[in-house]
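Working notes for the structure below.
Please treat every number below as a calculation from the coordinates, not as lab data. This structure is a prediction, so every number in the text was calculated from the model and none was measured. With ideal geometry, Cβ positions are generated from the backbone for all residues, glycine too; neighbour counts draw on all protein chains shown.
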Amino acid sequence: MATFWIILTAILVSSACAILGCFLILRRMALVGDAISHAVLPGIAIAFLWSGSRDSLWMLLGATVFGLLTVFFIQSLQAGGLSSDASIGIVFTALFAVGVILISLNAQHIDLDLDCVLFGEIAYVQWDTLTLWGADVGPRAVWMLGITLLVILVVVGLFYKQFKLCAFDPALAAACGIPVVLFHYALMGLVSMTSVASFESVGSILVVGMLIVPAAAAYLLTDQLGKMILYAVLIGAASSVGGYLMAYAMDASIAGCMVAVAGILFVLALLLSPKHGIVLRYVRRKYAAR
Amino acid sequence: MWNWVISILSDPNTRWILLGCLLLGFSSGIIGSFTFLRRQSLMGDTLAHAALPGICIAFMLTETKSIALFLFGALIAGIVATFGISWITRFSRIKQDTAMGIVLTVFFGIGVVMLTRIQHSASGSQSGLDKYLFGQAASMVLTDVYVMGGVCLVLLVACLIWFKEFKLVSFDPGFARGMGLPVGVLEQLILLLTVIAVVAGIQAVGVVLVAALLVTPAAAARCWTDSLALMVLLAGLFGALSGAAGTIFSTFVPNLPTGPVTVLAATVLFAISTLFAPRRGLLARKLRSIQAKSTYMREEQATLQLSSTQPQTQKRGEM
């Protein structure tokens, strides 16, 4: 049963991240996703101090605000003339530092372990259950992630055409009257929410892995956005299951193994993809030369 | 006030740590200027994350906790990471930022796997490897300061010797290539020096925050000057100040790790620079635009006044 909850949590994380990750890498904002997943830390810490407990909904909302704040600061610095990579680097490190300081200084009030924030501890999620109306309805992490995934599916599903256009051709989108900035913030808000919801299970740093790697592998496998999202979700799920098995066999960090397996799948896609894989391109070139 | 300063400097341990962090901040600021100009600021973050498996492998192979060995392992991992990124970008349609993200997280994930394996093993608790995540400058000893000093010296000497070449390669690599300079080699050299600075910085501020040591002082220095030499010097100075501030504050407040305070000090310096630097600062620009507007308004009014008296005389003339 424990295995079921762990794998379910992991699949929820990887699915949510995979959908968002596809849009992120198409918009070349992979590292902004990295920045957001680090920068939500002070939001989590403040929400903790405020509510005094892990009261999930407020923490989710409060920390999501920090993600949006990060994007706002990055945009402001860029508008002021600073190059994009420097703006990202300055903003997220400053916010992460604030978060670490808040957690270190308030250790007795915050039930957060810094290591847990970085790596998560997915093996423990099953014991932290939610009680609604006196009934035990399952691990809280599963609920939070489930709601997050639902929100993502609804938002992306409703505005699929807009997100798609903004990802491929923002200029055309703006010319069509689509509020590109709004959708940018919407995407980043979803990323922020996913980081917060996932940090307990896989930690903030490895959320980035689930955001980028399955989506990148899917990017090499197809030219259609719909299929890319589907492949990314499948690869993410495969990484979760494979990673759990690997961690079980090696007695190592579950989250780390999941990202490692995702990396292996990415390398396989890089080499063997029928359309863009290196090995097959080489073979095709040799045959064409004949 | 002086008693306070003396009390800090009287503890030899604090002196060493302070010196180490000063040197580290200084050298990071210097090499950071070049990566900042080349728009490769996040490379430092990627290299820092990628260094973790290198450190773990170094520990697993030798079973000893030696800073020099860790540095060597991290260096190798950093170089492998750099090759990985350029390989992915060159041989597939993946863009550079995504490639950096992939290498960053996959290497870090592998590093975390190794870290947990080490921690579960017999000799794990002695490794002190988890210090590398958030930095623990307070655990620096004299040998660490020697290593830090050595690193700083290497970086300084390299930047001095090849200053003109780095300058040209950073601003106009096409022209440099046309002049016959080995641009590829020089770029790899800058990257190597960055890896060295990153690897040394991980000890003091930890994996996640070491990018800040490279970027923030350089960005702050950029606001004050257009001369590269001055910018590099200022960046080093800002870095050193941040390192010192971080060490001092975390000595006085218990439970406070040095890394975040150093980064916040650097960010505060950056904020001050962005706002108050002459010519490039926000305040200066605002004042200039207000001045320009008021000059424009005065000229407009003068022209209007002039043209309001003109038509009367013209009409009389016409009639």
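Things to note:
- Simple spin-label estimate for residue B:227 and residue B:60 gives 5.1 nm between the two label positions (7 Å along the Cα-to-Cβ direction from each Cα).
- Within the shell of other residues whose beta carbon sits under 15 angstrom from the beta carbon of residue B:235, the net charge comes to +3, with Lys and Arg scored +1 and Asp and Glu -1.
- Net charge of the neighbourhood of residue A:180, taken over other residues with C-beta under 14 Å away and scored Lys/Arg +1, Asp/Glu -1, is +2.
- Shielding by partners, peptide B:212-223 (average Cβ within 10 angstrom, other chains): 4
- Segment A:1-72 shape via C-alpha gyration tensor axes, a/c threshold 1.5: oblate
- Mean Kyte hydropathy of -0.5 or more with a Cα span along the axis of at least 18 Å, helices from DSSP in chain A: A:2-26, A:56-79, A:84-105, A:140-158, A:180-219, A:225-250, A:254-272
- When the P(r) is computed for the protein assembly as shown, the part past 42 Å accounts for 25% of the Cα-Cα pairs.
- Mean Cα-pair separation over length for chain B, i.e. relative contact order, pairs under 8 Å, 6 or more apart, %: 28 percent
- Shape annotation for segment B:135-264: C-alpha extents along the principal axes are 56, 32, 22 Å, from largest to smallest.
- Stretching residue A:154 away from residue A:267 to a fully extended chain increases their span by 37.5 nm, per 0.36 nm per residue minus the current alpha-carbon distance.
- Applying D = kT/(6 pi eta Rh) to chain B, where Rh is the Kirkwood radius over alpha-carbon pairs, T corresponds to 20 °C and eta to 1.002 mPa s, the Stokes-Einstein value obtained is 98 µm²/s.
- Packing-based ranking, highest mean first, of B:108-119, B:153-164, A:76-87, B:17-28 given that Cβ atoms within 10 Å are counted: B:17-28, B:108-119, A:76-87, B:153-164
- Anisotropy class assigned to segment A:180-290 is oblate, per the alpha carbon gyration tensor with a/c at or over the 1.5 cut-off and a/b no larger than b/c.
- Theoretical FRET efficiency, 1/(1+(r/R0)^6), r = Cβ-Cβ of residue B:154 and residue A:245, R0 41 Å, to 0.05: 0.40
- Reachable lysines, given that their alpha-carbon falls under 19 Å from the alpha-carbon of residue A:286 and they are not under 8 places away in the same chain: A:275
- Applying a length cut-off of 20 Å (Cα extent along the axis) and a mean Kyte-Doolittle floor of -1.0 to the DSSP H helices of chain B leaves B:12-37, B:41-62, B:67-91, B:96-120, B:142-161, B:183-205, B:228-252, B:258-276.
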